[in-house]
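I have placed the structure first, in the form of structure tokens, so that the comments after it can refer back to it.
The values are calculated or read from the model by the stated rules, or taken from the named source; none is laboratory data. Everything numeric here is computed off the predicted structure, so don't read it as measured data. Ideal geometry is used to build each Cβ from the backbone, glycine not excepted, and the neighbour counts take in all protein chains shown. Just so you know, the surface numbers come from the protein's heavy atoms only, side chains and all, with ligands and any DNA or RNA stripped out. Shrake-Rupley method; radii C 1.70, N 1.55, O 1.52, S 1.80 Å.
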Amino acid sequence: MTMVKFPKRYLIVILTFICTSVCYIERVGFSIAYTVAADAAGVNQSSKGTILSTFYYGYACSQVPGGWAAQKIGGRKVLLLSFVLWSATCALVPLDPNRIFVLVIARLLVGVAQGFIFPSIHTVLAQWVPPHERSRSVSLTTSGMYLGAAAGMLLLPSLVKYRGPQSVFLAEAALGAMWSLLWFKYASDPPSSQHPKATAAGFGESLLPTKGNQKLKVENGGSSTRTAKIPWKRILLSLPVWAIVVNNFTFHYALYVLMNWLPTYFELGLQLSLQEMGSSKMLPYLNMFIFSNIGGVVADHLVTKRILSVTNTRKFLNTIGFIVASLALMAIPIFRTSDGAVFCSSVALGFLALGRAGFAVNHMDIAPRYAGIVMGVSNTAGTLAGIIGVDLTGKLLETARTADSSLSSPESWRLVFLIPGLLCIFSSFVFLLFSTGERIFD
């Protein structure tokens, strides 16, 4: 009996899925552990927002360098180095809200290290995954973020309760070390790559439409290994790239505000204990995991069966996702029960994840050769959203507390959720007007 060989690209996708899961366990874990430690130390909301946003300053600085490094020396190596760096930082740094300088430096280091991860992942996937599998592969990989966030919200509050906030750092470091060993043992460059700088593998490349009759230079059925000069000016002046950038900003503004402040909303806005909420607090992120994969499967089906063009598929899913998410975000403060808040936040995050089958895969549609570079540029905008959104939310809440002396009223939180809701509407129209599914960079 002949055994069916498991394709190596599937293993690569599974490993990148686990990678994003572990990264988001770390991010949610810090939010939970630091919130508990900071509240115990009497830290105010504005100062909490500053510390929580510090990660994103480091993250922003390394997005474009991460794409460049992945392009030049290979996404596989860069991914491993970044994981080792942030895992070591988590293992060595004490979680003490009174040692502000140490925390700031540690979060900057973790942010810089994790900033290399997603550009590297996109470079690796562009090399390994054929175009007709890209939507579901990217969706599966990125859905690991949400499963990791869900697992973190479910398990880490209990870990903090019984073992203390510092135990979260140690658990995250252990997970990072285990993934690094798996990646070191099983990951490799694709067979068609003769050099780390080689262009993306040509698996089914002809399925991608090209703009202006551009064609890849291919010899004997393989992809060219010529190292191309990165067209920075064209990338930065491209309207389709900016359509991705704007939507990446909005997606991450909404995601990071909810990820960092939802625990505070439950505890101070609704007067609920995270421990007492049980498994319901993980539902928003579990919904993201489900909807992200639904979006990927639906997108690949629409493209493969030629029901819609790549361009219309991206626009359709992006628009549905962002418009529904905007309505759900603005409705969150209206509901004053745990069930209502969990439902609205689940719908918001779920449909935002569905929208990723639009803008988040579009890097590899328009620039498969420079997927890591374009991802780095757009993810820089997403990271700036984290800096602005998380810090601004802290200041809005501190202002509301000063005015009302309480954060339990819906008025205190209305503007917090209105801003990302309006951004979602604006971004969906930008993507409708300027995006394309055609390859515009050779």
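Being within 30 Å of Gln71 (Cα to Cα), open to solvent by 20 Å² or more (accessible area, probe 1.4 Å) and β-branched (Val, Ile, Thr) is the requirement here; does Val361 meet it?
In short, no.
Helices (runs of 4 or more DSSP H) wholly in region 240-356 with at least 3 residues that are under 21 Å from the mean Cα position of the chain (by Cα) - which ones?
In region 240-356, 283-304, 310-331 are the helices (runs of 4 or more DSSP H) which contain 3 or more residues that are under 21 Å from the mean Cα position of the chain (by Cα).
I need the full set of residues from region 325-346 which are within 15 Å of Gly421 (Cα to Cα), open to solvent by 10 Å² or more (accessible area, probe 1.4 Å) and in contact with a Leu (Cβ under 8 Å, 6 or more places away or on another chain), in order please.
Scanning region 325-346 gives Met330, Ser346.
Please work out if Lys72 is open to solvent by 10 Å² or more (accessible area, probe 1.4 Å) and either of a type in the set (S, T, N, Q) or part of a helix (DSSP H, G or I) (or both).
yes
Might you let me know whether region 231-246 holds any residue that is modelled with pLDDT under 80 and not aromatic (Phe, Trp, Tyr)?
no
Looking for whichever is within 30 Å of Gly376 (Cβ to Cβ), in contact with a His (Cβ under 9 Å, 6 or more places away or on another chain) and not acidic (Asp, Glu) here; the options are Ile244, Ile290, Ile294. Which one fits?
Matching residue, one of Ile244, Ile290, Ile294: Ile244.
Would you say Ala60 is more than 30 Å from Asn98 (Cα to Cα) and either polar (S, T, N, Q) or surrounded by 16 or more Cβ atoms within 10 Å (Cβ to Cβ) (or both)?
For Ala60, the condition - more than 30 Å from Asn98 (Cα to Cα) and either polar (S, T, N, Q) or surrounded by 16 or more Cβ atoms within 10 Å (Cβ to Cβ) (or both) - is not met.
Out of all the residues in region 36-51, which are open to solvent by 10 Å² or more (accessible area, probe 1.4 Å), within 17 Å of Arg401 (Cβ to Cβ) and assigned to a helix (DSSP H, G or I)?
Asp39, Ser46, Ser47, Thr50
Looking only at region 394-442, which residues are open to solvent by 50 Å² or more (accessible area, probe 1.4 Å), at pLDDT below 85 and not in a helix (DSSP H, G or I)?
Within region 394-442, Ser405, Asp442 qualify.
Which condition number does Asp391 fail, the rest of (1) open to solvent by less than 60 Å² (accessible area, probe 1.4 Å); (2) in contact (Cβ under 8 Å) with a residue 60 or more places away in the chain; (3) more than 24 Å from the chain's Cα centre (by Cα) being met?
Asp391 satisfies all of (1) open to solvent by less than 60 Å² (accessible area, probe 1.4 Å); (2) in contact (Cβ under 8 Å) with a residue 60 or more places away in the chain; (3) more than 24 Å from the chain's Cα centre (by Cα) except (3).
Give the residue that is least open to solvent (accessible area, probe 1.4 Å), with candidates limited to residues of region 1-35 that are without any contact (Cβ under 8 Å) to a residue 12 or more places away in the chain and of a type in the set (Phe, Trp, Tyr).
Tyr10
Go through region 164-179 and give me each residue that's at pLDDT below 90 and open to solvent by 50 Å² or more (accessible area, probe 1.4 Å).
Gln166
Would you point out the residue of region 115-163, among those that are touching a residue at least 12 places away in the same chain (Cβ under 8 Å) and among the charged types (D, E, K, R), that is most open to solvent (accessible area, probe 1.4 Å)?
Only one residue tops the list, namely Lys161.
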